[in-house]
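The structure appears right after this line, and notes come after that.
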C-alpha cells in the first residue's frame with residue numbers, strides 16, 4: 001500500500017511539472033515560427049539581400065556576395081538600409097562575417113568571399 005501511494009505522489013508531481021512546462025515550451029515554438037527570413041532585391045544599389053526580423057529594432061542582414069568591385073555599393077546600401085529600418089533611432093551594426101580586405105593593385109586572384117552578414121540593433125535615444 002505504501003508503494004502505491006508513493007507511485008501516485010510521484011505521478012502527480014510529474015504531471016504538475018508537465019503542465020507547468022507545457023506553456024513555456026509552446027511559447028518557444030510560436031516565437032520561433034514568427035522569425036522568418038525574407039529574400040529581397042534593392043534596385044537602386046543592385047543588391048540581393050536577405051533580411052531576418054527578430055523583433056522591432058533587431059535584424060539580421062545578409063548581403064549576397066557577387067563581385068569585389070560591387071562591395072562599395074553593398075556597403076553604402078547597408079548603411080542606408082540600416083538607417084531606413086531604424087527610422088529615428090540610431091543603427092548599431094555588428095559585422096558577423098564577410099568583410100573583404102582592400103587591395104588597390106592585387107597580385108593574386110581574389111578568393112571567393114562569403115556573404116556579408118550584419119546584426120542590426122536600433123538603439124533608442
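The values are calculated or read from the model by the stated rules, or taken from the named source; none is laboratory data. Being a predicted model, the structure only gives us computed values, none of them experimental. Glycine gets a Cβ as well: all are built from the backbone with ideal geometry, and neighbour counts include every protein chain shown.
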Elements of type strands (runs of 3 or more DSSP E) contained in region 19-73, each with 2 or more residues being modelled with pLDDT of 90 or more, in contact with a strand residue (DSSP E or B) (Cβ under 7 Å, 6 or more places away or on another chain) and exposed (fewer than 14 other Cβ atoms within 10 Å of the Cβ): 37-42
Only listed residue being in contact with a helix residue (DSSP H, G or I) (Cβ under 9 Å, 6 or more places away or on another chain) and at positive phi, chosen from 64, 87, 46: 46
